[in-house]
Amino acid sequence: MKDEHMLPETQQKESGVTRRCFLKTVAGAAAGIGVSQVVNPALVKALEKGLKRHPVVWIQGQGCTGCSVSLLNSVDPSIADVLSKVISLQYHPTVMASEGETALENLFGIAKEYEGKFSLVVEGAIPTAAEGKYCVVGEYEHKEFTMVDLVKKVAPMAGSCLAVGTCAAYGGIPAAQGNVTGATGCRDFFADNGIQTPIVNIPGCPPHPDWIVLSVVHLLEKGIPELDDEGRPMLFFGENIHENCPRLEMYEEDELSKTLSDPKGCRMDLGCKGPSTYADCYKRKWNSGLNWCVDNAVCIGCVEPGFPDESSPFYEPA
């Protein structure tokens with residue numbers, strides 16, 4: 001299998017995404033978050049030269065597939081086109097046609113061919129109880145193959161791992177109080193099993209698609225980004241929600257909301273977790289930049305390692 005720099009321009013047009021369109025979109029997103037001025041001026045220059053296609057293997061454990069849905073809902077160009085035509089997406093259970101042992105054989109072949117060079121994306125938690133049988137991902141060599149088996153086999157062969165979503169990063173909802181599956185995130189699973197592959201945690205329930213795409217871009221051109229104490233890229237998770245909230249001035253004036261429908265007032269008394277949450281949601285926004293949680297409700301702290309237990313209850317009576 002060839003790992004070419006880019007598809008020919010004509011082929012890219014047929015696939016629905018041109019090289020120029022891709023570079024314009026990603027470079028624009030990078031500039032919008034201040035990469036060129038604050039974190040990594042070399043990244044934008046690298047984008048202008050063109051990206052090499054990079055093998056990406058995406059596996060899914062105990063989760064809702066919401067992280068994939070968030071990513072694939074991106075537009076202009078669609079992330080499906082970006083990942084399958086520009087970035088070399090070699091395996092993804094949700095979007096690929098292959099399944100069963102055939103799919104796993106292809107996955108292991110890709111991991112061997114690009115050993116030490118491909119990026120492993122993990123979505124969903126890894127359930128460790130009952131020998132991992134709470135999450136069987138397929139059948140291989142006439143026996144069940146679990147998420148535990150898959151991560152143990154593939155993760156050590158990867159050059160880097162992106163733990164996409166809070167479930168993959170820290171355990172998330174599957175690891176919440178009362179779970180019986182022994183669900184855990186990549187960080188703890190790797191440590192417990194002696195896996196040395198570098199991890200970039202991209203939490204969120206779900207994470208913003210920009211966080212995923214631009215993290216891959218950073219890995220392509222500059223390697224592992226600067227990470228905080230929780231293994232998250234400072235590029236996206238270095239700012240406190242509360243300190244950048246449009247309602248901060250109201251908080252400082254001790255003007256607090258009584259209900260979610262109050263047009264004014266800080267919503268801390270209603271359960272907002274902004275003071276203990278670090279992400280750039282306030283300026284990146286969601287749904288093509290239209291809104292974010294605090295516009296309509298409260299921050300529930302979904303990017304933090306303690307989510308959801310330490311964030312519960314999400315709402316509180318004033």
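Computed from the coordinates by the stated procedures, all read-outs in this text should not be read as laboratory data. Since we're looking at a predicted model, the values are computed, not measured. For neighbour counting, all protein chains shown are included, and Cβ atoms are generated from backbone atoms with ideal geometry for every residue, glycine included.
A few remarks follow.
- Under a 5 Å amide H cut-off, with hydrogens placed 1.01 Å from N, residue 146 pairs with 137 among residues at least 5 apart or on other chains.
- Among the GluC sites (Glu not before Pro) within the stretch 136-166, those in coil by DSSP and having at most 11 neighbouring Cβ atoms inside 10 Å are 141.
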